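Asker: This is the structure I have questions about; it appears just below.
The values are calculated or read from the model by the stated rules, or taken from the named source; none is laboratory data. Because the structure is a prediction, the values reported are computed rather than measured. Heads up, the Cβs are rebuilt from the backbone with ideal geometry, glycines too, and the neighbour counts pull from every protein chain shown.
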Amino acid sequence: MRWNTQTAQSESADGGTDSVPLIPLAGLLRAVRTPEFHGITFHEVAAKSALNKVPPASSMPFRWTINPYRGCSHACVYCFARGTHQYLDLDSGLDFDRQLVVKVNVVEVLRAELARPSWSREHVALGTSTDPYQRAEGRYALMPGIIRALADSGTPFSILTKGTLLARDLPLLKAAAAHVTVGTAISLAVLDQSLQSVLEPGTPTPSARLALIRKLRDAGLPCGVMAMPILPWLTDGEEHLDGLFAALAEAGASEVTAGALHLRPATKEWFMQWLAREHPQLVGRYRRLYGQGSYAPKDYRMWLGRRVAQAKARHGFGGRDTVGHRMLDPAPRAARDHLEETTAPHRAARKPTDQGVLF
């Protein structure tokens, strides 16, 4: 890892300052550590752009994204975005969880971009790389300004999150939905809190996320669920899947997308280290299942797709498991890497219904 020799001053509990190494980031303003976020460093940057254009070759169902943060304190061991931290000369393990980049001027930059005559008000997806409602949002409160900017400009958008802080912005989302198509989706694939606490140690509990689904539905907003990743031998059992879809149905989820774990480079190494610590008896099985690639074999994915479809049908979701089927499509590898974990909730958000949004 390469660090700048410069340092910045951080906040501390006693009002003093600590020396914080600066990482080589364009537009870096300062590095901040606070007692409320023990072990986490915020690298505040002045971003030059807010809207990220998705390459056409990726075959995404949306062309634009916004990521106000890089890195994520949710610390999900399977997170597909871990490898992106390596572009910052940071590692994809603990650095991804603890060295967080914050685009503190993202709202101002976004408003300027949305005001350009060339902006055609295409759908914008949030939550495609790192969670916009991770704990850092409680400190920086960037999302209210982003929501207002998108709604004021007439731009439809969707949000995918594990963060219950989304509830803070329900009034804004309801107001925005009166003017543009707004989609919301919650990521929840593990009901067992003992497993969730080590697999996704920085996330709200499953019960808290189920409560958030209810709040969104009570507020009159559709709420989809991304039940991903399903983990071989850990969460792919019929009992677990039945319990998961029963809980999602009871909470009022509008639709559910589910699919198997995939392990991209950088993420794969971090996940396998976790597996060796927590479930060493499964290491050999996972090595055989995933081999040298990122995806489980086709026959496993087809088997899981059938089991998921049956569980969905039992609990009233109906239809086929779109992700399970789409993973088998002959899409380019770059597209499939992203499609499995980022697209389904946002693609559904683009399809208006009588209520304004469909999931």
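Asker: Does Ala175 satisfy the condition of being in a helix (DSSP H, G or I), modelled with pLDDT of 95 or more and either closer than 29 Å to Phe96 by Cβ or not aromatic (Phe, Trp, Tyr) (or both)?
Answerer: yes
Asker: Looking at (1) crowded, with 19+ Cβ neighbours inside 10 Å; (2) under 26 Å from Val225 (Cβ atoms), which is the one condition that is false for Val106?
Answerer: In the conditions (1) crowded, with 19+ Cβ neighbours inside 10 Å; (2) under 26 Å from Val225 (Cβ atoms), Val106 misses (2) alone.
Each row is one residue, and each column tells you yes or no for (1) in contact with a Leu (Cβ under 6 Å, 6 or more places away or on another chain); (2) closer than 14 Å to Leu304 by Cα; (3) touching a residue at least 24 places away in the same chain (Cβ under 8 Å).
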{"position": "Gly202", "(1), (2), (3)": "no, no, yes"}
{"position": "Thr205", "(1), (2), (3)": "no, no, no"}
{"position": "Gly259", "(1), (2), (3)": "no, yes, yes"}
{"position": "Ala266", "(1), (2), (3)": "no, no, yes"}
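Asker: OK, next. Please work out which residue is surrounded by the most Cβ atoms within 10 Å (Cβ to Cβ), limiting yourself to segment 121-173 and to residues that are among the β-branched types (Val, Ile, Thr) and within 17 Å of Ser73 (Cβ to Cβ).
Answerer: Only one residue fits best here, namely Thr161.
Asker: From the residues in segment 76-105 that are assigned to a strand (DSSP E or B) and of a type in the set (A, V, I, L, M), which one is nearest to Ser120 (Cα to Cα)?
Answerer: The extreme case among them is Val102.
Asker: A follow-up question, please. Of the residues that sit in segment 230-245 and are in contact with a helix residue (DSSP H, G or I) (Cβ under 8 Å, 6 or more places away or on another chain) and assigned to a helix (DSSP H, G or I), which one is surrounded by the fewest Cβ atoms within 10 Å (Cβ to Cβ)?
Answerer: Glu238
Asker: Please work out if Pro201 is modelled with pLDDT of 95 or more, under 21 Å from Arg135 (Cα atoms) and surrounded by fewer than 20 Cβ atoms within 10 Å (Cβ to Cβ).
Answerer: Here the answer is yes, as Pro201 does meet what is asked.
Asker: Taking strands (runs of 3 or more DSSP E) that fall entirely within segment 1-75, which contain at least 1 residues that are over 23 Å from the mean Cα position of the chain (by Cα), within 15 Å of Leu90 (Cα to Cα) and modelled with pLDDT under 90?
Answerer: The strands (runs of 3 or more DSSP E) meeting that bar are 17-21.
Asker: I'd like the full set of residues that are buried (at least 18 other Cβ atoms within 10 Å of the Cβ) and part of a helix (DSSP H, G or I), limited to segment 253-288.
Answerer: Answer for segment 253-288, where residues must be buried (at least 18 other Cβ atoms within 10 Å of the Cβ) and part of a helix (DSSP H, G or I): Thr267, Lys268, Trp270, Phe271, Leu275, Tyr286.
Asker: Which residues, taken from segment 174-185, are among the hydrophobic types (A, V, I, L, M, F, W, C) and crowded, with 23+ Cβ neighbours inside 10 Å?
Answerer: Val182, Ala185
Asker: Which one of these is out of contact with any Lys or Arg (no Cβ under 9 Å at 6 or more places or on another chain) and farther than 18 Å from Val198 by Cβ: Gly224, Gly252, Gly259, Gly220? Show your work before the answer.
Answerer: On the way: Gly252 fails: out of contact with any Lys or Arg (no Cβ under 9 Å at 6 or more places or on another chain); Gly259 fails: out of contact with any Lys or Arg (no Cβ under 9 Å at 6 or more places or on another chain); Gly220 fails: out of contact with any Lys or Arg (no Cβ under 9 Å at 6 or more places or on another chain).
Exactly one of Gly224, Gly252, Gly259, Gly220 is out of contact with any Lys or Arg (no Cβ under 9 Å at 6 or more places or on another chain) and farther than 18 Å from Val198 by Cβ, namely Gly224.
Asker: Any idea how many residues of segment 76-89 are among the aliphatic types (A, V, I, L, M) and modelled with pLDDT of 95 or more?
Answerer: 1
Asker: Also: Quick check on this structure: which one of Leu191, Leu195, Leu170 is in contact (Cβ under 8 Å) with a residue 40 or more places away in the chain and outside any helix (DSSP H, G or I)?
Answerer: On the way: Leu195 fails: outside any helix (DSSP H, G or I); Leu170 fails: outside any helix (DSSP H, G or I).
Matching residue, one of Leu191, Leu195, Leu170: Leu191.
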